[in-house]
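Take a look at the structure below.
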Amino acid sequence: MDYPNGQEPGAPIRSGIPEHGRIPKYYAAKVRLETLLGELGEGEALPTERELALRFEVSRETLRQALRELHLEGRLRRLGRGTVVAGPKLEQPLSLASYTEGVRKQGRRPGRHLVGLDRFPAPEKLAGELGLQVGDEVWHMERVLLADDERVGLESTYVAVARVPRLDAEFEPDSSFYAYLHERLGIGFGDADERLETVLATPREALLIGTPGALPMLLIHRLSRDTRGLPLERVRSLYRGDRFSFTTHLGG
């Protein structure tokens, strides 16, 4: 089909405006704001709410609703007391590549901040997922994910202590766990099962990532196996919905 008004493939048809032309005032303001963001460019400051409300001839509350949606979509971000145009979302491949590899490919600097590393007896469900006996010890490592020092996610990794007995002594928490397994222990990844869903962060998660509680998050559950087909790790990764998109390649 033809794309009206020269819009890009993948954009909402007719910019989301119904054929009858009746749209909420906040959405009309949002469409005009999107045009303004394209003119300003990444990192440029947005005019004040008062200036924008006068320019678009809408109330401050109507304008705020439009701005809220653009914040949730990752088009805007806070900087000090102002608002600036955000850069493009990070694209993370749905593959066995590590978070570190995915971020580096986009010219960003990956990092992690350790929240906690502890060991405990595996309960029944986790033991089953990791191919362990109930009560066998597992590590739980929780880390905040960073991109150029910006907090963008939260990751929990569960792995059997028997597979990585010196994790607390040998592993640098701000580095790649996959690289540690491969280079230090000679453990390779074979395959994995993943489940992706949309959730809201808990109050604790929002505090650790530094986001509002109402911000949508992308949650990935991963169960990885080594090259022998044995369960290796169970991971719960929470990514900011305003900073991430996910890509994959589908074969025939």
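Below, the figures for the structure above:
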read-out	value
Coarse-grained scattering of region 149-241 at q = 0.12, 0.16, 0.19 Å⁻¹, given as base-10 log I(q)/I(0) from a Debye sum over alpha-carbon atoms	-0.45, -0.75, -0.96
Built amide H within the under 5 Å cut-off of Leu79, gap 5+	Val84
Region 139-158 residues near the modelled Asp193 label - backbone nitrogen below 19 Å, point 7 Å along Cα→Cβ	157-158
Residue among His20, His71, His113 with the largest mean-square fluctuation in a Gaussian network model of the chain, springs linking Cα atoms under 10 Å	His20
Convex hull per residue volume in Å³, alpha carbons only, for region 51-207	157
Structure-based [θ]222 nm, the chain - -39500 (n - 2.57) summed over DSSP H runs of at least 4, per residue, nearest 500	-7500 deg cm²/dmol
Near-label residues of region 43-81 by backbone N, under 18 Å of a point 7 Å along Cα→Cβ of Lys25	49-69
Arg104 versus Ala214: modelled label distance in nm, points set 7 Å from Cα along the beta carbon direction	3.9
J(HN,Hα) series, region 177-186, from Karplus relation 6.51 cos²θ - 1.76 cosθ + 1.60, nearest Hz, glycine and proline x	5, 5, 5, 4, 4, 6, 7, 8, 10, x
Estimated FRET transfer efficiency (Arg228, Glu57; beta-carbon r; R0 51 Å; 0.05)	0.15
Charged-residue dipole, Cβ positions (Lys, Arg, Asp, Glu), region 157-252 about Cα centre, Debye nearest 20	180
Rounded percent of accessible protein surface that carbon and sulfur make up, the chain, 1.4 Å probe	50
Per residue, in Å², the accessible surface of the chain once ligands and nucleic acids are set aside, probe 1.4 Å	57
For Ile187, distant residues with modelled amide H under 5 Å away	His182
Cα-based helix-to-principal-axis angle, 25-40 vs the chain, degrees rounded to 10	80
Amide hydrogen neighbours beyond the local backbone of Glu233, cut-off 5 Å, H modeled	Ser224
Area of Val84 that stays accessible when all protein chains are in place (1.4 Å probe, Å², to 10)	10
Normalised contact order of the chain, rounded percent, pairs of Cα under 8 Å and 6 or more residues apart	16
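The values are calculated or read from the model by the stated rules, or taken from the named source; none is laboratory data. Because the structure is a prediction, the values reported are computed rather than measured. In this analysis, Cβ positions are derived from the backbone assuming ideal geometry, glycine residues included, and neighbour counts consider all displayed protein chains. Ligands, DNA and RNA are excluded from the accessible area calculation, which covers all protein heavy atoms including side chains. Shrake-Rupley method; radii C 1.70, N 1.55, O 1.52, S 1.80 Å.
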